[in-house]
1. Can you pull out every residue in the stretch 533-551 that is in a loop (DSSP other than H, G, I, E, B) and either touching a strand residue (DSSP E or B) at 6+ places or on another chain (Cβ under 7 Å) or touching a residue at least 40 places away in the same chain (Cβ under 8 Å) (or both)?
2. Listed residues Met274, Met290; which is away from ligand 1 (no atom under 11 Å from the Cβ) and in a loop (DSSP other than H, G, I, E, B)?
3. Can you name the number of the only condition in (1) in contact with a helix residue (DSSP H, G or I) (Cβ under 7 Å, 6 or more places away or on another chain); (2) under 16 Å from Ala416 (Cα atoms) that Asp541 fails?
4. Within the stretch 219-257, how many residues are touching a residue at least 60 places away in the same chain (Cβ under 8 Å), of a type outside the set (A, V, I, L, M, F, W, C) and assigned to a loop (DSSP other than H, G, I, E, B)?
5. So if I check each of Ile369, Ile339, which one is of a type in the set (Val, Ile, Thr), more than 16 Å from ligand 2 (Cβ to nearest atom) and free of Cβ contacts under 8 Å to residues at least 40 places away in the same chain?
6. Restricting to the stretch 383-428, what's the tally of residues that are assigned to a helix (DSSP H, G or I), crowded, with 24+ Cβ neighbours inside 10 Å and not aliphatic (A, V, I, L, M)?
7. Working carefully through the options Val466, Val495, find the one that is more than 16 Å from ligand 2 (Cβ to nearest atom), part of a strand (DSSP E or B), buried (at least 21 other Cβ atoms within 10 Å of the Cβ) and of a type outside the set (Phe, Trp, Tyr).
8. Looking only at the stretch 338-359, how many residues end up being more than 16 Å from ligand 1 (Cβ to nearest atom) and either surrounded by 24 or more Cβ atoms within 10 Å (Cβ to Cβ) or of a type outside the set (A, V, I, L, M, F, W, C) (or both)?
Amino acid sequence: CATGPATVIQAIAAGRRAAKALDDFVMRGYVRPSHEDYSCSRGTNEELPRAEFDDIPRLARAVMPALPPGDRIDSFIEVELGLTEEQARAEAARCLECGCSKQNHCALRNEATDHGVQFAPTLHVRPYTPIIEDHPFIVRDNNKCISCGRCVAACAEIEGVGVLAYQFSEGRLTVGTHNGLPLDQTDCVSCGQCVRACPCGALDYKRERGDVFTAMNDPKKVVVGFVAPAVRTVIASEYDLSVEEASGFIAGLMRKVGFDKVFDFSFAADLTIMEETTEFLGRVTNGGTMPQFTSCCPGWVNLVERRYPELIPHLSSCKSPQQMMGATVKNHFAQQAGISLDDLYVVSIVPCLAKKYEAARPEFAPEEIRDVDAVLTTTEFLEMVQMLRLEPKDVEPGAFDEPYKRVTGAGVLFGASGGVAEAALRMAVEKLTGTPLVDDLDFEEVRGFEGLKEATIVAGETTVKVAVISGLNNVAPIAERMKNGEHPGYDLIEVMACPGGCINGAGHPVPDRVGEMAARQRVLVEIDKLSKYRKSQENPDILRLYDEYYGEPNSHVAHDLLHTTYAP
Ligand code: HC0
Ligand code: SF4
C-alpha cells in the first residue's frame, strides 16, 4: 500500500510544525489518521480515484504557511505531479494559499485578482494558533482569519442567534464565541451561514466524502444516494442545463460518481406533506395546539430546542424529508430489496450543514444504525465529481430509481422559501373543501425572498392564515410574542433558517453573480410548472408506499418511522 499520497504526507511530516499540518489534513478529511489504512481501504493503487493525487497541490499549498520558507513544497509537487518548478509556482500563485477548498468559488481570491493583488509568500506568516474543533463539524482556523467580521454579522443579523463575537488575543483580532464557551455549548444552530460568509476558509466544515468513497469501494455495500430539491438548481447553473434537463442529469451524475441507487428527496417531501398536512388538519378539527410550525429545517428545530423550548408543542412532529427518506430506505427499501442493514449505506446530498447535525442525532440511529449514514453538501458532491474528473459528456441522464421514482412539483418546491407551505396548502385546501384542486395551484404570495410573507386562504368554511419566514432573525418577534402567551394570528408557520430557503444553504457554492438566488428559485418554480404531478397527494409512488407499507398518513407505523419528539 505504499502510494503517492502516503509518500507526500510522510514528506510533509518531516517539515517544521508538520504534526499540526497533518492534524489539519486529517481534520478536514483529506487523509485518514493512518494513511496506510486510507490507501488500503481503497484497494490497490490503480483503483484509487485520480482525485487523491489531484488533491496533492491543494494539500501542499495548505501546509506551506506552516513550513520554513524555501522550495520544499514546490519540489513535492514536482515529484508527485511531474510539474516543473515554474509550473508549480504558477499553480501555487493562482491561490491565496489559505488551503481551504472554498466552496469552489473564493470571493477573496476573486477580489484580489480583480484588483491586481499579487500573491506574496509572506502573506500568512503569523504565530501559529491551534485549529479549534469545538463543534461536531464546523472547524475554526484563526491562522487564516482576516478579521473581516462577516461571520459575526451572519450569525447575529441573518440568523439572530449571535453566538459569535470578536475576540482580542495576543495582539490579534479574531473571532470566538460570545460567552467564551465552546461552540457546541452555545446556542449555535449549525446552519453554517458563518462558514458561508467567511471569505478565506478560516471557518470551514469537515468533509464526509472520504467515508462515502470508502463505502463505494466496498463491493459488499449497496450505496444509496438521494438528492435534495435545491441541489439541482446549482447543478443546472454549474453545467448550464435547461430546467427540463436538470433532474435527469443529476440522477446520471450520481450514478457516475458511484451510487448504486439514486433517489430524489422530493419524493420524501411528498411524504412529509402527507404526514404534516394530516397532522395540521387534525389540529384544526380537534382543537390541537395552534399554530403549527414546520419542522423540516434542522437549523430552526435547533433554535426552538435551545432558545424557545416553550414552542415545542407547536412544532410538527414530522421528521424532515431527509430523515423520512433515510427511515423509509432503511426499512421499506431494505426489506423489499432483501438487503441487510450492514450492507446498506445511505447518503444524502443537500445544500445544508445543519443536516449533518440532524443525521447524527441519536434518535435517528435506532440500535445505533444511522438512518442516514453520511451527509454530503452540494459542494462536497461537486468536489467528488472534480476528483473523479467527470465531464458532462460522461454522464448519461436518466430517471431516478424505483420504487420512489415519481415525484411531484410540490415536493420540488420545498427547496425555496414558501415551498413547504405551498405544497401543504395544495393538500389542505383540497381536503378542507372536499373538491379536487385543479386550477389555482399557485400560491404566489408565499414565494420570494421577503423575510416574512403572509397569506390568507379561504377553503370552504375554514380560513387558513399562513406565515412564511426565512432567516431566523425574522422569527424572533413572533417567537417572543408566543413565548409570552400571545397568539400570533397565524395557523401554519413555515420557518427556514437560510434567507430564501435551502437554495441559499451554506452547503452550496457561494453565489458569485447578482441574480443567482432568483435564478435558483426559478428553476424550482419551472420544474413544478412542467411536472406531470403537482400535488403530493396524487403521487402514485407515494400512494403505493402507503398501500404496501405505511397504511395511511399518521398511522402507527408512520408515527414510528416518520415522526419524532424534541428535547429542550
Ligand atoms: Fe432542504 Fe428539505 S427543502 S430542508 O431546504 O423540508 O437541505 O433542498 O432537502 O429534508 O425535501 C435542505 C433543500 C431539503 C429536507 C426537502 C425539507
Ligand atoms: Fe438547512 Fe435549508 Fe434550513 Fe438552511 S434553510 S439550515 S439549508 S434546511
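1. Tyr533, Arg534, Lys535, Asn539
2. Working: Met274 fails: in a loop (DSSP other than H, G, I, E, B).
Exactly one residue qualifies, and that residue is Met290.
3. Every listed condition holds for Asp541 apart from (2).
4. 4
5. On the way: Ile339 fails: free of Cβ contacts under 8 Å to residues at least 40 places away in the same chain.
Only one candidate passes the filter, namely Ile369.
6. Residues in the stretch 383-428 being assigned to a helix (DSSP H, G or I), crowded, with 24+ Cβ neighbours inside 10 Å and not aliphatic (A, V, I, L, M): 5 in total.
7. Values: Val495 fails: more than 16 Å from ligand 2 (Cβ to nearest atom).
That would be Val466, the only listed residue that is more than 16 Å from ligand 2 (Cβ to nearest atom), part of a strand (DSSP E or B), buried (at least 21 other Cβ atoms within 10 Å of the Cβ) and of a type outside the set (Phe, Trp, Tyr).
8. 5
Where a number appears in this text, it was derived from the coordinates with a stated rule and is not lab data. Source: prediction; values computed, not measured. Methodologically, a virtual Cβ is constructed for each residue, glycine included, from the backbone with ideal geometry; neighbour enumeration extends over all protein chains shown.
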